[in-house]
Structure formats: structure tokens, C-alpha cells
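Asks: Mind looking over this structure? Questions follow.
The values are calculated or read from the model by the stated rules, or taken from the named source; none is laboratory data. Just so it is clear, the model here is predicted, and its values are computed rather than measured. Positions of Cβ are generated from backbone atoms using ideal geometry, with glycine treated the same way; all protein chains shown enter the neighbour counts.
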Amino acid sequence: MNGNNYQSGHSGEGFRKQALSRDSKRPNRPRFTPVVFQQEKPAETARDAEDTARANALIKQVAASSDPAPLAWNKAFAGQRFGSSTLATACEILHGREKHDMVVECLLAAIRNDHAQPWMYDVLALEMQLAKRPQNEQDRVLLSRIDFADGDEPQMLLTASMLSRFGAYEQAIRVCREATKRNPWQSATWGIARSIADRSKDPQAIAWAQCGTLTYVWDTNHAAEHAAAKTVLTTLIEELQSSNQTELSQQIQRQLQTALIRDMMITITWAGSADLDLSVIEPGGQTCSYRSPRTSNGGLLYQQGFGGSGVGTGNADRQTERYVCVIAPAGDYRVRVRNAAGRLILGKVQLRVTRHAGTDREKTETRLYEVGDKGVEIRVPLNNGRAMKKN
């Protein structure tokens with residue numbers, strides 16, 4: 001195998017061939033798509049109409065009862081099952097009528113009668129606050145929510161969507177922030193966060209959600225989402241400047257500049273029907289490859305080429321693979337390329353490395369390397385990475 005140093009050409013150690021079948025090489029990863037409530041309510045469906053009818057019937061039954069509210073709600077739930085969407089609709093109707101005590105009693109009865117859902121605890125705390133219930137009762141409800149749904153990201157996002165449906169945008173954004181701290185790499189999480197932030201009209205929430213998208217969203221549609229995020233942020237900055245909110249506009253401008261920094265970007269391109277594999281061994285030894293396309297350092301193999309017969313048809317993505325580590329540890333990155341199958345024209349690959357993209361220290365280098373039968377390894381050093389090196 002040919003060994004290379006991206007700067008000085010020192011020899012490198014060979015690496016083993018990998019033996020996955022081409023069918024299993026790049027498995028389809030399941031998309032993370034929790035239930036969300038749309039920013040603009042779509043046309044009512046038959047299911048929506050059914051939920052509304054059941055919700056109104058439930059409210060009417062309780063309102064007609066001569067029993068105290070807690071007992072009336074208990075009787076309404078006795079022997080009946082109500083779907084989560086029906087109960088959400090009932091709560092939304094009562095909330096719109098400012099019947100906050102009724103919402104509280106409805107949710108307490110639902111929880112007592114085995115209808116509990118994680119979103120109920122946050123909505124219950126919100127309605128208790130509006131109904132001026134004691135603070136210790138509100139605190140107990142929030143603690144129960146943590147116990148009920150700890151670590152369940154889809155349920156957290158459903159809770160955030162429910163809170164935004166009730167106009168509790170600050171609480172909804174707080175739940176979204178918690179979800180992104182646990183796993184910042186889910187595109188759907190940032191999509192929900194952007195929607196809620198837009199509805200809140202809070203400039204800081206909008207900036208957080210859009211900057212998070214620029215930093216952490218690298219799925220197949222990332223280019224369009226990044227472009228949209230930059231447009232939103234640029235427009236927001238201009239609006240703040242025109243309304244004399246100079247300090248806030250400058251703060252968001254700095255956040256945007258930081259979100260556009262990429263410490264290390266590596267791209268390989270080639271010609272021919274070959275299917276080349278890119279892998280990057282990061283400082284500390286973690287490997288980013290088609291087997292493990294994401295590392296705990298934040299390294300991500302976000303585009304993988306398949307080679308094949310598409311050469312010359314304008315489908316350049318077939319002969320391109322890309323790696324990025326937005327906040328990268330300093331040290332040596334060992335870039336490995338091997339030819340898994342097919343014909344590589346001239347037997348060479350083009351390696352493009354960009355360090356500190358988005359800063360005044362940005363530098364891009366492009367070179368050709370001969371791949372050979374056993375592949376090629378190139379050492380790519382990075383100084384002044386923004387992450388702590390992991391051992």
C-alpha cells in the first residue's frame with residue numbers, strides 16, 4: 001500500500017480489507033419522525049372530526065353532571081377508553097374557553113384512570129399555573145413528568161408540540177433544548193424546534209433553532225435546510241437592526257458566524273465506475289466510516305458515493321464521499337481510501353481538505369493520490385481544533 005502524509009509524504013501503515021457485502025454496505029437508517037402538530041393547521045380530516053365530536057361529547061357529559069368536578073370526570077372515564085388525540089382536543093377546547101380548572105380536573109382524572117401520556121404532565125402544570133393552583137402541586141406534576149418519560153425523545157417532542165399548541169412557547173422551547181442536549185443529531189428534532197421557535201416569534205429562540213440546524217443537521221437535505229436557516233437568520237438580523245435592537249442583532253450575528261464554522265472537512269472525488277470507501281481515524285482512535293458514520297467527537301460521513309454506471313451522466317454524487325467534524329479535536333486524522341469494486345480511472349483519487357472553514361484561518365488543499373490494490377492512507381494534521389482531544 002502507498003503511504004502518504006498530507007504535508008510531507010511520510011510512509012504510513014497498511015490497513016485491512018473490509019469484507020461487507022455491497023448490499024449491506026450502506027444500510028438504510030430509520031428516520032426519526034415523531035408526531036408533530038403543524039404550524040398551520042391542515043384541513044380537518046375525518047379523524048379530526050371524530051376526535052372533536054368525542055371531545056365535545058365528553059365535555060358535555062361532565063358539564064351536565066351534578067357531581068363535583070373530580071368525581072364527574074372520574075365517572076366519565078369509568079369503563080371508557082379515550083385516545084390521546086381526543087383528550088388533547090378536549091383540553092384544547094376547554095383551554096380556548098379559559099376553563100383552566102376543568103382542564104386540570106380532566107387531566108388528573110385521565111392520569112388516575114390509566115390514560116396517562118407524558119405530554120399531559122406539562123400541559124397539566126401549565127393549566128395549574130393558569131388556574132392559580134398552589135406551586136407545590138405544579139412542582140409535583142413536573143417531577144412526575146420527568147419520572148414518566150425520562151430519556152424518551154419522541155415523547156419529549158410530542159410534549160413540546162402539545163405545549164406550543166397551548167401557546168406555552170417558552171416551556172416548549174425548554175423541552176426542545178433538553179431533547180437536543182440528549183441527542184443533537186436528529187434532524188426531526190431541529191425541525192420541530194424551528195417550527196415552535198417561529199411560532200413563538202422570540203428572536204433568541206429562533207436564533208438557537210436555526211443555528212442548531214446549521215451545526216448539527218447533515219442529512220440528505222442538509223444543503224437546502226442550511227440555506228433556509230441562513231436566510232432566516234440574515235433576515236432576522238436585518239429586522240433587529242432596523243428596529244434599533246443593535247445589541248441583540250450583533251449577538252445573533254456572532255451566533256450565526258460560529259454556527260458556520262467547520263473545523264475539519266474532507267472530500268474525496270474520483271472518475272470511473274469504482275466504488276471507493278472513505279474512512280477517517282480521528283485523534284483518539286475513533287473511526288468514521290460507512291460501518292460507523294458518526295463518532296462521539298461529532299465526526300460524520302454525511303455523503304457516500306456508490307460509483308457504478310452513472311459516470312458521465314451528471315450524477316457527480318456517485319463519485320464523491322464527504323466527512324465533516326464541526327467541532328473537532330486537534331491532532332492527526334488518518335484518511336483511508338480503498339477501492340471496494342469497479343474501475344478507477346488513472347487509479348487515482350482527489351482529496352480535498354478544508355480546515356477552519358468559516359473563519360479567517362480557512363485553508364483548503366487539494367491533491368491527487370494513487371489508491372493501489374490495498375488502498376491509500378494519508379495523514380491530515382489539524383491544529384487548534386475547538387474540541388478537547390478524546391483518548
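Asks: Report every pair of residues separated by at least 6 positions or lying on different chains whose Cβ atoms are under 6 Å apart, first residue within region 340-357 and on the phi < 0 side of the Ramachandran plot, second surrounded by fewer than 16 Cβ atoms within 10 Å (Cβ to Cβ) and assigned to a strand (DSSP E or B).
Replies: From region 340-357, the pairs are Lys348/Leu368; Lys348/Glu370; Gln350/Leu368; Leu351/Arg367; Arg352/Thr366; Val353/Glu365; Thr354/Thr364; Arg355/Lys363.
Asks: Counting only residues that are basic (Lys, Arg) and more than 21 Å from Asp202 (Cα to Cα), give me the helices (runs of 4 or more DSSP H) lying completely in region 91-174 with at least 2 of them.
Replies: Helices (runs of 4 or more DSSP H) meeting the threshold: 135-149.
Asks: Could I ask something else about it? Check off (1) among the hydrophobic types (A, V, I, L, M, F, W, C); (2) assigned to a loop (DSSP other than H, G, I, E, B); (3) farther than 30 Å from Ala340 by Cα for Trp218 and give me the number that stays unchecked.
Replies: Answer for Trp218: the failing condition is (3).
Asks: Assuming Thr231 fulfils every condition listed in (1) in contact with a Ser or Thr (Cβ under 6 Å, 6 or more places away or on another chain); (2) in a helix (DSSP H, G or I); (3) not assigned by TED's automatic domain parsing to the domain that holds Glu127 apart from one, which condition is it?
Replies: For Thr231, the exception is condition (1).
Asks: Shifting gears a bit: Here are Glu170, Glu153: which of them is touching a residue at least 60 places away in the same chain (Cβ under 8 Å), under 30 Å from the mean Cα position of the chain (by Cα) and either in the same structural domain as Ala53 (by TED's automatic domain parsing) or more than 21 Å from Leu58 (Cβ to Cβ) (or both)?
Replies: Numbers: Glu170 fails: touching a residue at least 60 places away in the same chain (Cβ under 8 Å).
So the residue among Glu170, Glu153 that is touching a residue at least 60 places away in the same chain (Cβ under 8 Å), under 30 Å from the mean Cα position of the chain (by Cα) and either in the same structural domain as Ala53 (by TED's automatic domain parsing) or more than 21 Å from Leu58 (Cβ to Cβ) (or both) is Glu153.
Asks: Restricting attention to region 80-90, and to residues there that are of a type outside the set (Phe, Trp, Tyr), outside any helix (DSSP H, G or I) and over 29 Å from the mean Cα position of the chain (by Cα), which single residue is surrounded by the fewest Cβ atoms within 10 Å (Cβ to Cβ)?
Replies: Residue satisfying both the conditions and the ranking: Arg81.
Asks: Yes or no: Asp122 of a type in the set (Asp, Glu), crowded, with 16+ Cβ neighbours inside 10 Å and farther than 19 Å from Ile59 by Cβ? Walk me through how you get there before you give the answer.
Replies: On the way: of a type in the set (Asp, Glu): yes; crowded, with 16+ Cβ neighbours inside 10 Å: yes; farther than 19 Å from Ile59 by Cβ: yes.
When the stated conditions are applied, Asp122 passes them.
Asks: Please enumerate the residues belonging to region 197-222 that are among the small types (Gly, Ala, Ser) and either at positive phi or over 14 Å from the mean Cα position of the chain (by Cα) (or both).
Replies: Ala197, Ser200, Ala205, Ala207
Asks: Is it the case that some residue within region 180-189 is surrounded by 23 or more Cβ atoms within 10 Å (Cβ to Cβ) and not hydroxyl-bearing (Ser, Thr, Tyr)?
Replies: Checked region 180-189: no residue is surrounded by 23 or more Cβ atoms within 10 Å (Cβ to Cβ) and not hydroxyl-bearing (Ser, Thr, Tyr).
Asks: Which numbered condition in (1) at pLDDT below 95; (2) within 25 Å of Thr258 (Cα to Cα); (3) not β-branched (Val, Ile, Thr) is the only one that Leu158 fails?
Replies: The number of the failed condition is (2).
Asks: For region 339-372, enumerate the residues that are surrounded by fewer than 17 Cβ atoms within 10 Å (Cβ to Cβ) and assigned to a strand (DSSP E or B).
Replies: Passing the criteria: Ala341, Gln350, Arg352, Lys363, Thr364, Glu365, Thr366, Arg367, Leu368, Glu370.
So that you can scan it fast, the table gives a plain yes or no per residue for (1) touching a residue at least 12 places away in the same chain (Cβ under 8 Å); (2) in contact with a Phe, Trp or Tyr (Cβ under 9 Å, 6 or more places away or on another chain); (3) among the aliphatic types (A, V, I, L, M):
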position	(1), (2), (3)
Leu233	yes, no, yes
Thr246	no, no, no
Ser249	yes, no, no
Arg254	no, no, no
Thr258	yes, no, no
Ile261	yes, no, yes
Met265	yes, yes, yes
Trp270	yes, no, no
Ala274	yes, no, yes
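Asks: A follow-up question, please. Would you check which residues across region 74-126 are within 14 Å of Val141 (Cα to Cα) and basic (Lys, Arg) and list them?
Replies: If the condition is that a residue be within 14 Å of Val141 (Cα to Cα) and basic (Lys, Arg), then Arg112 is the only one that fits.
Asks: Let me ask something else about it. Among the residues of region 249-289 satisfying the criterion of being of a type in the set (D, E, K, R) and modelled with pLDDT of 95 or more, which is surrounded by the fewest Cβ atoms within 10 Å (Cβ to Cβ)? So that I can check it myself, show each step before the final result.
Replies: The first filter runs over region 249-289 and keeps only residues of a type in the set (D, E, K, R), leaving 254, 262-263, 275, 277, 282.
Restricting the remaining residues to those that are modelled with pLDDT of 95 or more gives 254, 262-263, 282.
Details: Arg254: 11, Arg262: 20, Asp263: 23, Glu282: 27.
Among those residues, the one meeting the criterion is Arg254.
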